[in-house]
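The values are calculated or read from the model by the stated rules, or taken from the named source; none is laboratory data. If you're wondering where the values come from, they're calculated on a predicted model, not measured in any experiment. Cβ placement follows ideal geometry from the backbone for every residue including glycine, while neighbour counts extend to all protein chains displayed.
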Amino acid sequence: MYKKILFGTCLTDYCDHIFNYALNLAKENDAKLWIYYGIGRLNLDETKAEQAIKEAEAKVTQAYVDQMKDRGFDNYIINVSDGDVVSELSKLARNAAVDLMVMGTSTDTPLSMGESTNVGSLGPITADAVLWAPCPVMIIPPSLIPELARG
């Protein structure tokens, strides 16, 4: 069903669980997985901005590539950019003709064991991405995260 999946990450521990969901979905669908990390608007000269992007690419590679290799998955692209995160994420999804974006609810771990399940906002990036995305957006709720599920 999906041939191109875009996973937006913030490189937190919470995003590791979202990544596993996106990776499983990509494997099940024999889909290409785009991994996107936005570093926000940089007020740097071109050389320093390029260096910041290269450093961020290295962090994304360190966070996810070995996991993909260990699971026999090599159909991926890493994309890091500066600028408005939602605009760049939406532009990438449109230009790559992505079928589905996969995101979490916020950049912070939304719940600790035993806390209320009322989590409020999706987080500003996810909320705006839902409004601007050129494709469906799958939001992975905290209840699907190991150790946070109830019942």
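Worth pointing out:
- Here Y14 fulfils each of the conditions (1) surrounded by fewer than 19 Cβ atoms within 10 Å (Cβ to Cβ); (2) within 17 Å of M138 (Cα to Cα); (3) among the hydroxyl-bearing types (S, T, Y) apart from (1).
- Members of region 53-74 found to be assigned to a helix (DSSP H, G or I) and either of a type in the set (S, T, N, Q) or surrounded by 13 or more Cβ atoms within 10 Å (Cβ to Cβ) (or both), listed by number: I53, A56, E57, K59, V60, T61, Q62, A63, Y64, V65, Q67, M68
- Residue in region 1-56 that is nearest to the chain's Cα centre (by Cα), counting only those that are within 20 Å of G72 (Cα to Cα) and among the aromatic types (F, W, Y): F7
- Selection of region 125-151 for residues being at pLDDT 85 or above and not in a loop (DSSP other than H, G, I, E, B) yields I125, T126, A127, D128, A129, V130, L131, W132, V137, M138, I139.
- Number of residues in region 36-57 that are over 16 Å from G8 (Cα atoms) and aliphatic (A, V, I, L, M) equals 4.
- Selection status of T105, under 18 Å from C10 (Cβ atoms), part of a helix (DSSP H, G or I), among the hydroxyl-bearing types (S, T, Y) and modelled with pLDDT under 95: no
- Among the conditions (1) touching a residue at least 40 places away in the same chain (Cβ under 8 Å); (2) in contact with a Ser or Thr (Cβ under 9 Å, 6 or more places away or on another chain); (3) closer than 20 Å to A96 by Cβ, the only one that T12 does not satisfy is (3).
- Members of region 29-52 found to be under 24 Å from K4 (Cβ atoms) and surrounded by fewer than 12 Cβ atoms within 10 Å (Cβ to Cβ), listed by number: D30
- Residue in region 29-52 that is in contact with a strand residue (DSSP E or B) (Cβ under 8 Å, 6 or more places away or on another chain), part of a strand (DSSP E or B) and of a type in the set (D, E, K, R) present: yes
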